[in-house]
Amino acid sequence: MEHPKYKIALIVGAGEGLSASLARLFAAQGIRVALAARKIEKLGALCTETGAKAYACNATDPDEVERLFGLVEREIGTPDLVVYNASGRSRGPFIDLIPADVAQAIAVSAYGGFLVAQQAAKRMLPNRYGAILFTGASASVKGYAQSAPFAMGKFALRGLAQSMARELSPQGIHIAHFVIDGGIRSAARAEAPDKPDSMLDPDAIAQSYWNVLQQPRSAWSWEIELRPWVEKF
């Protein structure tokens, strides 16, 4: 089978880090890009650079997610590549955690992923073609102290991806979950001079996403882990 040729990508939870690297890479490959975030003012420069179109969306609201897909369909086309990159966090000693904050963190990390993936799958299944990618974290497989809400959300997202892969892969939809195990480099978060390449380069992560997307269906990955060469695991 030929390598997949995706035409329209939707990245939910877009910002300046990994999602920006993905948008640039997809655009360079001739893919039209839609970006969704709760606040889209920060996406202006990225849209100008990549030709992407930004949409405001609360990924935890079923009506807003359905509306998002409807708008993208009408204004760009039906996405055949969807990335869920949103995360919710609430940190602190376990007994001090505020239940409402915990519920919101889980909703953003996991429930929003379900809502976005369900809308995407509904549109991909008739053609038996498409890809849905989920961005995980160290917390997808390791629950750290004072970070229970993030671990709960990321564990749930990983379970969602695994369940979807088992159900939808045989129907032509490539589902993949990426465990990003380490800190991602950014303008505000760089390595110490004596520790080169000790953080994940967002462009390098994006390239790994692309490599997975190019896999022939006879050898699909449903999950890969990415970490710097010096990261302990």
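Data for the structure
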item	result
Extreme residue, surrounded by the fewest Cβ atoms within 10 Å (Cβ to Cβ), among residues of region 221-233 that are over 18 Å from LYS154 (Cα atoms) and charged (D, E, K, R)	LYS232
Qualifying residue in region 100-112 (condition: open to solvent by 80 Å² or more (accessible area, probe 1.4 Å), among the aliphatic types (A, V, I, L, M), farther than 22 Å from HIS177 by Cα and not in a loop (DSSP other than H, G, I, E, B))	no
Residue match in region 72-85 (condition: open to solvent by 20 Å² or more (accessible area, probe 1.4 Å), touching a residue at least 24 places away in the same chain (Cβ under 8 Å) and polar (S, T, N, Q))	yes
Hits in region 208-220 (condition: exposed (fewer than 14 other Cβ atoms within 10 Å of the Cβ) and of a type outside the set (A, V, I, L, M, F, W, C))	ASN211, GLN214, PRO216, ARG217, SER218
Test: residue in region 23-31 that is closer than 19 Å to ALA204 by Cβ and within 12 Å of the chain's Cα centre (by Cα)	yes
Residue, most open to solvent (accessible area, probe 1.4 Å), within region 184-206, restricted to residues that are in a loop (DSSP other than H, G, I, E, B) and more than 19 Å from LYS232 (Cα to Cα)	PRO193
Members of region 16-37 that are of a type outside the set (A, V, I, L, M, F, W, C), buried (at least 17 other Cβ atoms within 10 Å of the Cβ) and part of a loop (DSSP other than H, G, I, E, B)	GLY17
Residue selected from region 130-154 under the condition aromatic (Phe, Trp, Tyr) and in contact (Cβ under 8 Å) with a residue 24 or more places away in the chain, by the criterion surrounded by the fewest Cβ atoms within 10 Å (Cβ to Cβ)	PHE150
Residue among GLU41, GLU49 that alone is farther than 16 Å from LEU81 by Cα, touching a Lys or Arg at 6+ places or on another chain (Cβ under 9 Å), among the acidic types (Asp, Glu) and surrounded by fewer than 19 Cβ atoms within 10 Å (Cβ to Cβ)	GLU49
Pairs with Cβ under 9 Å, 6+ apart, first in region 213-226 and within 19 Å of LEU160 (Cα to Cα) and of a type in the set (S, T, N, Q), second modelled with pLDDT of 95 or more and assigned to a loop (DSSP other than H, G, I, E, B)	SER221/GLN215
Set GLY77, GLY92: member being closer than 17 Å to LYS7 by Cα and either basic (Lys, Arg) or assigned to a loop (DSSP other than H, G, I, E, B) (or both)	GLY77
Where LEU160 falls short, out of the listed (1) assigned to a helix (DSSP H, G or I); (2) open to solvent by less than 20 Å² (accessible area, probe 1.4 Å); (3) touching a strand residue (DSSP E or B) at 6+ places or on another chain (Cβ under 8 Å); (4) not small (Gly, Ala, Ser)	(2)
Failed criterion for ALA54 (all others in (1) surrounded by fewer than 18 Cβ atoms within 10 Å (Cβ to Cβ); (2) within 25 Å of ASP201 (Cβ to Cβ); (3) more than 15 Å from the chain's Cα centre (by Cα); (4) in contact (Cβ under 8 Å) with a residue 40 or more places away in the chain hold)	(1)
Residue in region 126-139 that is over 22 Å from ARG227 (Cβ atoms) and hydrophobic (A, V, I, L, M, F, W, C) present	yes
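The values are calculated or read from the model by the stated rules, or taken from the named source; none is laboratory data. All values derive from a computational prediction rather than experimental measurement. Note: ideal-geometry Cβ built from the backbone for every residue, glycine included; neighbour counts use all protein chains shown. Just so you know, the surface numbers come from the protein's heavy atoms only, side chains and all, with ligands and any DNA or RNA stripped out. Shrake-Rupley method; radii C 1.70, N 1.55, O 1.52, S 1.80 Å.
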